[in-house]
Amino acid sequence: MAGGGEGETTLEFTPTWIIAGVCTVIVGISLIVERLIHFTGQYLKKKNQKPLFEALQKVKEELMLLGFISLLLTVFQSAIVKICVKESLTHHLLPCKLPAKSSSGEESSSSASGHRRLLAEGSEELQYCPSKHKVQLVSVEALHHLHIFIFVLAVVHVTFCVLAVIFGGAKIRQWKHWEVSILENEDGTEHVSKQKVTHVQQHEFIKGRFLGFGKISALTGWVHAFFKQFYGSITKSDYRTMRKGFIMTHSRGNPKFNFHKYMIRALEDDFKEVVGISWYLWAFVVIFLLLNINGWHTYFWMAFIPFILLLAVGTKLEHVITELAHEVAEKNIAIEGELIVKPSDDYFWFHRPRIILYLIHFVQFQNSFEMAFFFWIWVQYGFDSCIMENIRFIIPRVVVGVIIQVLCSYSTLPLYAIVTQMGSCFKKAIFDDHMHAHIVGWAEKAKRKKQMKAVAGGSGERDSTNGSKMGILLQKVGRKGSAPDEIQPTTGAQGSNRSADAEGV
């Protein structure tokens, strides 16, 4: 036992230079990664990229969770391998068929070759369950491979999310010249456009979206929205119309509001939600691992779940634009000036635009899980592993995974960035950090001043007048110094306009 199990050596008989060298490499890599994350965070803070900095913090949380999982597997490894069960229980729900028993002892030989790759498993642990005429619940090698899979899954998910936001953001930034063009031409055309009367169906935004009336038109609208997501999903007329509708609803006092900048900041703010792995996503991992049963082809069919969801999300986002066009066309015959749409939560599923974000999060994670599992099996067990299944099941899975990543990056994510601004609320990303601090401070001071006058018997009439200028907005933002994710626009009060004015640069 002093030298460990057969073919293994304990630390007691390992040269110190080997121990020191291995520790140096492991600690060195860990420190390099830690410093890289730290300097990336400092750079993002310097560039005032708070949403991306918070996303980086999410990545650090995931790494900490992985470290804790690793610690648990290491500490409880010996205890787990000593959990014994009846051999008959291990013959059900297998991802691969059990090898046929033979007198040559091939099964025993295969088991022995697996144990030679264990990190630490002594002969006493190997004989613990057989001495009780039972088998191990899980071997150390299986625990080690599971540990690697969890790490690979987290890394692939973060990588895929970052790639989606990078390429999606690049697509959105191509719209910047539209914003610049609109701002440059607005002064020269504003007076003329107000005097011009145009038939509603002559507007470019209506031409490409309005398909008539009735049930047939509604069905055609969904079909049109489905195919529209694959080509020219957003045109300049779409951008101009939705931008105008957002400004007239949330920033009427500032027609030069930089809608493109706000949209980018809102997307970055949402990114920190997508990059994390929530508890319910881990629950899906457990369910899919449970259903990976030989003959069920679970991972082949599972590859189509995120694909179908992504198509449904893209179709819904395109259909929201179609509904905006239909509402204007059905209520007006001719329009004086520019065409203006009215944002509303009613266009979205269950009147909640944020559901779209959750679905995109789920799609990204499911696709990451599928691709991570594929590469993990390939590297760990080989391409000819029984878990890989037949080549006719592998190729469609990989192709679908690539299509999902490309479609989500170049179509669905840009659509989400602009169409979800057509809800009834605007997001806290509309505020700069310094502006948010000023608003919170103003609200707190006004509240304290009003309370002091109330105690002194004053009417507080002047403060009430000042407070009405910011309305419900400041009450929500100023409460306990925090801002809500989404803020309802105020009607009558000028809080929405002033907050947007501060951002429109």
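The values are calculated or read from the model by the stated rules, or taken from the named source; none is laboratory data. The shown structure was predicted, so the numbers you read here are calculated from the model rather than taken from an experiment. For neighbour counting, all protein chains shown are included, and Cβ atoms are generated from backbone atoms with ideal geometry for every residue, glycine included.
Return the total of residues in the stretch 363-405 being closer than 24 Å to residue 150 by Cα, of a type outside the set (Phe, Trp, Tyr), free of Cβ contacts under 8 Å to residues at least 40 places away in the same chain and outside any loop (DSSP other than H, G, I, E, B).
So the answer is 8.
Checking the conditions here, which among 344, 368 is modelled with pLDDT of 85 or more, out of contact with any Asp or Glu (no Cβ under 8 Å at 6 or more places or on another chain), surrounded by fewer than 21 Cβ atoms within 10 Å (Cβ to Cβ) and among the polar types (S, T, N, Q)? Explain how you work it out, then say what you get.
Details: 368 fails: surrounded by fewer than 21 Cβ atoms within 10 Å (Cβ to Cβ).
Being modelled with pLDDT of 85 or more, out of contact with any Asp or Glu (no Cβ under 8 Å at 6 or more places or on another chain), surrounded by fewer than 21 Cβ atoms within 10 Å (Cβ to Cβ) and among the polar types (S, T, N, Q) holds for just one of 344, 368, which is 344.
Name the residues in the stretch 293-336 that are of a type in the set (S, T, N, Q), under 25 Å from the mean Cα position of the chain (by Cα) and modelled with pLDDT of 80 or more, would you?
Of all residues in the stretch 293-336, those of a type in the set (S, T, N, Q) come to 294, 298, 315, 322, 332.
Add one more test, that the residue is under 25 Å from the mean Cα position of the chain (by Cα), and what stays is 298, 315.
Listed by number, the list holds a single entry, 315.
One residue is enough: does the stretch 257-271 have a residue meeting the conditions at pLDDT 85 or above, surrounded by fewer than 21 Cβ atoms within 10 Å (Cβ to Cβ) and over 17 Å from residue 176 (Cα atoms)?
No: zero hits.
Any idea which of (1) at pLDDT below 85; (2) farther than 30 Å from residue 56 by Cα is the one residue 17 doesn't satisfy?
(1)
Among the listed residues 118, 63, 146, 56, identify the single one that is of a type outside the set (Lys, Arg), at pLDDT below 70 and touching a helix residue (DSSP H, G or I) at 6+ places or on another chain (Cβ under 9 Å).
Numbers: 63 fails: at pLDDT below 70; 146 fails: at pLDDT below 70; 56 fails: at pLDDT below 70.
Unique residue meeting the criteria: 118.
Quick one: which of 286, 274 is closer than 29 Å to residue 64 by Cα, over 14 Å from the mean Cα position of the chain (by Cα) and β-branched (Val, Ile, Thr)? Break it down stepwise before answering.
Details: 274 fails: over 14 Å from the mean Cα position of the chain (by Cα).
Being closer than 29 Å to residue 64 by Cα, over 14 Å from the mean Cα position of the chain (by Cα) and β-branched (Val, Ile, Thr) holds for just one of 286, 274, which is 286.
Just checking, which of 335, 356 is among the aliphatic types (A, V, I, L, M), in contact (Cβ under 8 Å) with a residue 60 or more places away in the chain and under 25 Å from residue 287 (Cβ atoms)? Please lay out each step first, then the result.
Details: 335 fails: under 25 Å from residue 287 (Cβ atoms).
Going through 335, 356 in turn, just one is among the aliphatic types (A, V, I, L, M), in contact (Cβ under 8 Å) with a residue 60 or more places away in the chain and under 25 Å from residue 287 (Cβ atoms): 356.
Quick check on the stretch 289-309. Is at least one of its residues assigned by TED's automatic domain parsing to the domain that holds residue 180 and in contact with a strand residue (DSSP E or B) (Cβ under 7 Å, 6 or more places away or on another chain)? Steps first, please.
Initially, the stretch 289-309 is screened for residues assigned by TED's automatic domain parsing to the domain that holds residue 180, giving 289-309.
Subset that is in contact with a strand residue (DSSP E or B) (Cβ under 7 Å, 6 or more places away or on another chain): none.
Within the stretch 289-309 (the criterion being assigned by TED's automatic domain parsing to the domain that holds residue 180 and in contact with a strand residue (DSSP E or B) (Cβ under 7 Å, 6 or more places away or on another chain)), the answer is no, since none of the residues qualifies.
Here is a list: 264, 247. Which entry is closer than 26 Å to residue 52 by Cβ, in contact with a Phe, Trp or Tyr (Cβ under 7 Å, 6 or more places away or on another chain) and not in a loop (DSSP other than H, G, I, E, B)?
Numbers: 264 fails: in contact with a Phe, Trp or Tyr (Cβ under 7 Å, 6 or more places away or on another chain).
Going through 264, 247 in turn, the sole match is 247.
When you scan the stretch 283-303, how many residues do you find that are aromatic (Phe, Trp, Tyr) and loosely packed, with under 14 Cβ neighbours inside 10 Å? Spell out how you get there, then give the answer.
Here is the first cut: in the stretch 283-303, the ones aromatic (Phe, Trp, Tyr) are 284, 288, 296, 299-301.
Checking the rest, the ones that are also loosely packed, with under 14 Cβ neighbours inside 10 Å come to 296, 301.
Within the stretch 283-303, residues that are aromatic (Phe, Trp, Tyr) and loosely packed, with under 14 Cβ neighbours inside 10 Å number 2.
Please tell me if residue 244 is charged (D, E, K, R), surrounded by 17 or more Cβ atoms within 10 Å (Cβ to Cβ) and in contact (Cβ under 8 Å) with a residue 60 or more places away in the chain.
Working: charged (D, E, K, R): yes; surrounded by 17 or more Cβ atoms within 10 Å (Cβ to Cβ): yes; in contact (Cβ under 8 Å) with a residue 60 or more places away in the chain: yes.
In short, yes.
Rundown of residues vs (1) in contact with a Cys (Cβ under 9 Å, 6 or more places away or on another chain); (2) over 21 Å from residue 172 (Cα atoms); (3) among the hydroxyl-bearing types (Ser, Thr, Tyr); (4) surrounded by fewer than 14 Cβ atoms within 10 Å (Cβ to Cβ), yes/no style:
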{"position": "331", "(1), (2), (3), (4)": "no, yes, no, yes"}
{"position": "351", "(1), (2), (3), (4)": "no, yes, no, yes"}
{"position": "360", "(1), (2), (3), (4)": "yes, no, no, no"}
{"position": "391", "(1), (2), (3), (4)": "no, yes, no, yes"}
{"position": "407", "(1), (2), (3), (4)": "no, no, no, no"}
{"position": "410", "(1), (2), (3), (4)": "no, no, yes, no"}
{"position": "422", "(1), (2), (3), (4)": "no, no, no, no"}
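Every residue in the stretch 62-95 that is surrounded by 13 or more Cβ atoms within 10 Å (Cβ to Cβ) and among the charged types (D, E, K, R), please.
If the condition is that a residue be surrounded by 13 or more Cβ atoms within 10 Å (Cβ to Cβ) and among the charged types (D, E, K, R), then 62, 82 are the ones that fit.
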